[in-house]
Structures are given as structure tokens and as C-alpha cells.
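Below you'll find the structure, written out as C-alpha cells, and then a few comments.
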Amino acid sequence: MAGTGLETVRAVRLFDCAQAGMNMSPSPYIRLARHALWLLLVWALAACSPPPPLHQQQSYVFGTLVDVTVYGAPEAQAREATAAVLARFDALHRELHAWQPSALSRLNATLARGESAAVTPELAAMLHDARELSIRSQHLFNPAIGGLVALWGFHADVPQRRVPDPAAIAGWVKARPRMSDLVIANNTVTTSNRAVQLDLGGYAKGRALDDAVAILKAHGIANALVNIGGNVIALGAHGERPWRVGIQHPREPGTLATLDLHDGEAIGTSGDYQRYFEIGGRRYSHLIDPRTGRPATGMQAVTVLFGGARAGTLSDALSKPLFIDGPAHLAENAARLGVRNYLAVDAAGKTHVSPDLAPRLR
């Protein structure tokens, strides 16, 4: 296309010089030809113009790779907005870390002593929200089982390769820590169940996605894609088409399917292929069934899609109960939770797709 543009410019200039040498006004045919050449020039220059800017920045937060992509905004504006998003992610990471010093780990220590704890209004609101989602899932999404997660060795940067003592597992199951054990009032948290140890790892990434959209909009960004380790939310579009994302295959390199995300839509994935260890050919993942105290084994991966308000939070939290309960009642559980769009791969490798999502997958 660059050659076409230069050739058109050269033709127009030669045409004008010939007219000047003849010292005559152009005929209607000449004026028509000049108009056609100028239209061709405009088309060629438009075709050769650079694409709208695409700004991308990566970081490592929440124990995973984070990617923020902004489309069609000036570089300075995109850079400032992206920096604000990543700063928010860092703040959430420091506040909600389950085993390093944080507001959440200090809260856990206080609850374990049987004492009440003062928390920030923001943390109180997040705990209230997570509690409501836990009750909605019949406690299969249960951030109160942080003690069990730690027992299995997943409160470490690298999972510990050991199966806990069965008696220790049974003790946690018997204690039945639940989010409904929390009493949250006036920015104070109490519980009568000292076994409650909070781990918001299944909530924080989704909340971060929703916060990212609010920050990007506040900075005047209309089109962006935010990816936190496979939890993804879309803002606007990628030019003339929606944002297109791939869903990771749980056992093979590459994608299981691709999906166009529209403005405000988010996907969340729970899988046994990110944080896990193997002993004797058996896989143990960080997704623990609170009913048994052991890693769930019925699924390899579950991806859900939500749109609208709190799409990030809902897609993150509500993929967990579908994963944990397995494939036997997948459709019924999804309907009860309000999950209309899901793609699941069960332990045998069979794929399950909801009727609403199937036409959108490639």
C-alpha cells in the first residue's frame, strides 16, 4: 500500500505541472480526473495510516501473571491508566494476602484468639460480599477454610508435596468453618468459631477485575482487556471487533476454545492445573471440597461467563462451586447459582457446555 500512495501523489503533481505549462484552465474532464485522483490519494493514505495505538503492560500479582491491554487511547493516557490499575492490584494483594503479613492475615490471627477485630470499611464490605456469595453457593465457595488450604500446603509460593494426616483433615471438617460464622457490624468482625481462617484467593482476582474497569473508565479509557491469570474482563472492543480470548485446555498446550467478549463481560476459570502437586500419579489441587476436606476431583476445569455489574467478582467466585461439586449436577447447580454460560471439562475429559454459551464458542 505504501507504493500505491506514493504513485498517486506523483501522478497528481505531474498533472498539475502540465496544466501550468499550458497556461490554461482545466476542462471539466480534467477537473473530474483530478477529483478522482485526490479521492484515490485519500483512500490510500487512510489504508496506509498506522493502526490505533495498543498499549500493553504486564506484572505479577496475586501469584499469577497480570496483563492490561488498552486500545485506541493516546500513549500517555493509556500508560497512566494502566499504572493506576496495577497500583490497585498491588494494594489488594498486600491487603488480602492469606499467609504473608497483611490486613487479612492479622484478622485471621485475631479471630483464632477468639477476639473481635476492627477492619477497614472496604475489607468489611468485601467480607460481607464474600459471605453472601458463599451462602448462595451452599458453602461450596467457602473462603473460611483457609486453615484447610494451609494444611494441604497451598499457603506457600510453591505447593508442598505432602498429603496431610487424615485425622488433621477430619478435625477441620468437623469444625465446619463457614463464612456464615462471621458477624460483621460497624467495621468489626467477630466469630464464635475459631476454626474460621479466611483465604480470599477465590474472590480477590474477580474483585480486582471490577475495580480495574472502574479505574480505566475514570481515566477516560473506553476499550481495554484485563487478564489476571485467566480471569478476564473486557471493556469496549478491539476496534471493529469484540475482544477475543482463549480458554486454556486443562491437559494440553494451547486453547480449548476461543470466545468473543463483549463490553462488560468477564470470564472466570477454576482448574486443577495451576496450583497442584502429584504423588503416586494422583493430582491434588488447591480447590478443596469443604465437605470432605480434600481437593475436589470431579473436574479438570470450569469456566463461567458473566456480564453486567460485578461481572468479574461473580465469574471468579461462582466457578468454584461448579468445580467442587463435579459434573453430576452441573446444569442444576448452574441454574441455581444464576450461571447461564459455562464450559466445563470433567475428570474423564468430557466437555460440558451450557446451551447459552455453545453458539459463542469457536
Going by the structure shown, is residue 199 open to solvent by 30 Å² or more (accessible area, probe 1.4 Å), out of contact with any helix residue (DSSP H, G or I) (no Cβ under 8 Å at 6 or more places or on another chain), assigned to a loop (DSSP other than H, G, I, E, B) and modelled with pLDDT of 95 or more? no
Which residue out of 98, 112, 76, 125 is farther than 30 Å from residue 153 by Cβ and surrounded by 13 or more Cβ atoms within 10 Å (Cβ to Cβ)? 125
Taking residue 261 as the residue in question, decide whether it is open to solvent by less than 60 Å² (accessible area, probe 1.4 Å) and out of contact with any Ser or Thr (no Cβ under 6 Å at 6 or more places or on another chain). yes
Residues to consider are 236, 206, 268; find the one that is of a type in the set (Gly, Ala, Ser), surrounded by 15 or more Cβ atoms within 10 Å (Cβ to Cβ), touching an Asp or Glu at 6+ places or on another chain (Cβ under 6 Å) and over 22 Å from residue 146 (Cβ atoms). 236
Looking at the stretch 303-310, can you tell me whether even one residue there is touching a Pro at 6+ places or on another chain (Cβ under 8 Å) and open to solvent by 10 Å² or more (accessible area, probe 1.4 Å)? no
Every residue in the stretch 161-196 that is part of a loop (DSSP other than H, G, I, E, B), at pLDDT 95 or above and within 15 Å of residue 149 (Cβ to Cβ), please. 163, 164, 177, 178, 195, 196
Filter pass, residue 275 being modelled with pLDDT under 95, within 27 Å of residue 171 (Cα to Cα) and touching a Ser or Thr at 6+ places or on another chain (Cβ under 9 Å): yes
Any pair with Cβ under 9 angstrom, 6 or more apart, that starts in the stretch 343-360 at a residue that is more than 19 Å from residue 316 (Cβ to Cβ) and assigned to a helix (DSSP H, G or I) and ends at one that is of a type outside the set (Gly, Ala, Ser) and open to solvent by less than 20 Å² (accessible area, probe 1.4 Å): 358/343; 360/259; 360/305
Can you confirm whether residue 156 is open to solvent by 30 Å² or more (accessible area, probe 1.4 Å) and over 21 Å from residue 316 (Cβ atoms)? no
What's the total number of residues in the stretch 170-189 that are surrounded by 10 or more Cβ atoms within 10 Å (Cβ to Cβ) and over 31 Å from the mean Cα position of the chain (by Cα)? 3
Where residues in the stretch 130-141 are assigned to a loop (DSSP other than H, G, I, E, B) and out of contact with any Gly (no Cβ under 7 Å at 6 or more places or on another chain), which of them is surrounded by the fewest Cβ atoms within 10 Å (Cβ to Cβ)? 138
Could we say that residue 144 is under 23 Å from the mean Cα position of the chain (by Cα), open to solvent by less than 30 Å² (accessible area, probe 1.4 Å) and more than 16 Å from residue 178 (Cα to Cα) here? no
Which of (1) surrounded by fewer than 21 Cβ atoms within 10 Å (Cβ to Cβ); (2) part of a loop (DSSP other than H, G, I, E, B) is the odd one out, the single condition residue 221 does not satisfy? (1)
Does residue 214 meet the test of being assigned to a helix (DSSP H, G or I) and surrounded by fewer than 22 Cβ atoms within 10 Å (Cβ to Cβ)? yes
With more than 13 Å from residue 257 (Cβ to Cβ) and not hydroxyl-bearing (Ser, Thr, Tyr) as the only criterion, which of 352, 329 stands out? 329
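The values are calculated or read from the model by the stated rules, or taken from the named source; none is laboratory data. In this text, all values refer to a predicted model and were calculated from it rather than measured experimentally. Don't worry about glycine lacking a Cβ; one is built from the backbone with ideal geometry, like all the others, and counts go over all protein chains shown. Areas reflect the complete protein model, heavy atoms only, side chains present, ligands, DNA and RNA absent. Shrake-Rupley method; radii C 1.70, N 1.55, O 1.52, S 1.80 Å.
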